[in-house]
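Please read the structure below before turning to the comments.
The values are calculated or read from the model by the stated rules, or taken from the named source; none is laboratory data. Remember, it's a predicted structure, so these values are computed and weren't measured experimentally. For neighbour counting, all protein chains shown are included, and Cβ atoms are generated from backbone atoms with ideal geometry for every residue, glycine included.
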Amino acid sequence: MLSDNINEFVMERLVCPISKKNMTRRGDILFAPCGFEYKSGDFRVGINFRKDWESGQSFYENFHERNLIKNEGKLDIYKKIDNETNDVYNKIILQGDVLDVGGGWGALIKQANLDPIRYISVDPLPAQWRQLKRFKQFTDHYSICANAARLVGYAEFLPLADGTFDVVHMRSCLDHFSNPILSLQEAYRVLRENGKLVIGLSLEGAYKKVDLSNFEKFKNFIKRLPLADSIREWVIPDHHMFHPTYENLIKMIELTSFKITQEVWQSSYHNVIYFEATKVVPQDN
């Protein structure tokens, strides 16, 4: 199975990502009324991706593997990573049934003090806990995540039923989606009335800190040079699908019928913001 820990909490919510209808199971295959079959817990269906998106996924899969290898034996590295999120999750409180889109192995459970039984991560890259046995530092620190559900699927076609979550969380992933508007519409669909959307993202050209370092000023100067995009792509390939500005991100959130209720700048980074927004349900006349 590619998906991890398909437990009762998942089965109560699991639907075909295309038709959104309940499925029947025979052995390792789920059969949808629309004719699709999902084998081995693989719900990745519905999109023809650009080649740069596919190369980006390969890059990030290898990137995570390299980081796990590099960090093994460093006792405080994961504590430091978690502490960098304290200012965010002390202000944006996540409660209830939580869907973590792009959530990987589920570090959010520990960082935001979530109930692992009421949590699901959906990610296009398989994140099976059994793959991590050789990384004892990671598995010991995030042991609370071991039995959490992790589904292999796309944000644009969530294999989950309407109105079944209190929170949809998207951290550092919206700018990797093939279709971010469709992803936000899917988040809206699976949220309950007054459900909460949380988006954390690095913004283009937006800075919390007014005084930039000389290095940051130099980087901004380079970005404005002719052919800068081509040079940067040659030196460091950019696997993001787009680079949202502060204004663009707000428009995307509001366009998909969410009302922003809070914004939190992450203090450990100069341009990372988190928006908390509530699902707006149209009122009958």
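Computed values, structure above
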| item | result |
| --- | --- |
| Qualifying residue in segment 8-15 (condition: closer than 30 Å to S268 by Cβ and of a type outside the set (A, V, I, L, M, F, W, C)) | no |
| Residue within segment 57-69 that is surrounded by 13 or more Cβ atoms within 10 Å (Cβ to Cβ) and of a type in the set (G, A, S) present | no |
| Selection from segment 23-48 of residues that are touching a residue at least 40 places away in the same chain (Cβ under 8 Å), more than 28 Å from L132 (Cα to Cα) and not small (G, A, S) | I47 |
| Test: residue in segment 113-123 that is surrounded by 23 or more Cβ atoms within 10 Å (Cβ to Cβ), touching a helix residue (DSSP H, G or I) at 6+ places or on another chain (Cβ under 7 Å) and among the small types (G, A, S) | no |
| Residue that is surrounded by the most Cβ atoms within 10 Å (Cβ to Cβ), among those in segment 157-197 that are part of a loop (DSSP other than H, G, I, E, B), modelled with pLDDT under 95 and touching a helix residue (DSSP H, G or I) at 6+ places or on another chain (Cβ under 7 Å) | F177 |
| Unmet requirement for I109, which otherwise passes all of (1) in contact with a Pro (Cβ under 8 Å, 6 or more places away or on another chain); (2) touching a residue at least 40 places away in the same chain (Cβ under 8 Å); (3) under 27 Å from N271 (Cβ atoms); (4) of a type in the set (V, I, T) | (2) |
| Filtered residues of segment 258-279 (kept if in contact with a helix residue (DSSP H, G or I) (Cβ under 8 Å, 6 or more places away or on another chain) and either acidic (D, E) or buried (at least 16 other Cβ atoms within 10 Å of the Cβ) (or both)) | F258, V264, Q266, H270, I273, Y274, F275, A277, K279 |
| Selection status of G35, loosely packed, with under 15 Cβ neighbours inside 10 Å and over 25 Å from S268 (Cα atoms) | yes |
| Qualifying residue in segment 5-14 (condition: under 20 Å from the mean Cα position of the chain (by Cα), at pLDDT 95 or above and in a helix (DSSP H, G or I)) | yes |
| Tally, over segment 27-80, of residues that are modelled with pLDDT under 75 and outside any helix (DSSP H, G or I) | 6 |
| Failed item in (1) over 19 Å from L14 (Cα atoms); (2) in contact with a Gly (Cβ under 9 Å, 6 or more places away or on another chain); (3) of a type outside the set (D, E, K, R); (4) buried (at least 19 other Cβ atoms within 10 Å of the Cβ), with H141 passing the rest | (2) |
| Residues satisfying the stated conditions in segment 101-133, i.e. part of a loop (DSSP other than H, G, I, E, B) and farther than 22 Å from K91 by Cβ | G104, W105, P124, L125, P126, A127, Q128, K133 |
| Some residue of segment 13-21 being in contact with a Pro (Cβ under 7 Å, 6 or more places away or on another chain) and hydroxyl-bearing (S, T, Y) | yes |
| Count - residues of segment 145-177 that are over 22 Å from Y246 (Cα atoms) and basic (K, R) | 1 |
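Here is a yes/no grid of residues against (1) acidic (D, E); (2) assigned to a strand (DSSP E or B); (3) more than 26 Å from D82 (Cα to Cα); (4) in contact with a Lys or Arg (Cβ under 9 Å, 6 or more places away or on another chain):
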| residue | (1), (2), (3), (4) |
| --- | --- |
| L249 | no, no, no, no |
| K259 | no, yes, yes, yes |
| Y269 | no, no, no, yes |
| A277 | no, yes, no, yes |
| Q283 | no, no, yes, no |
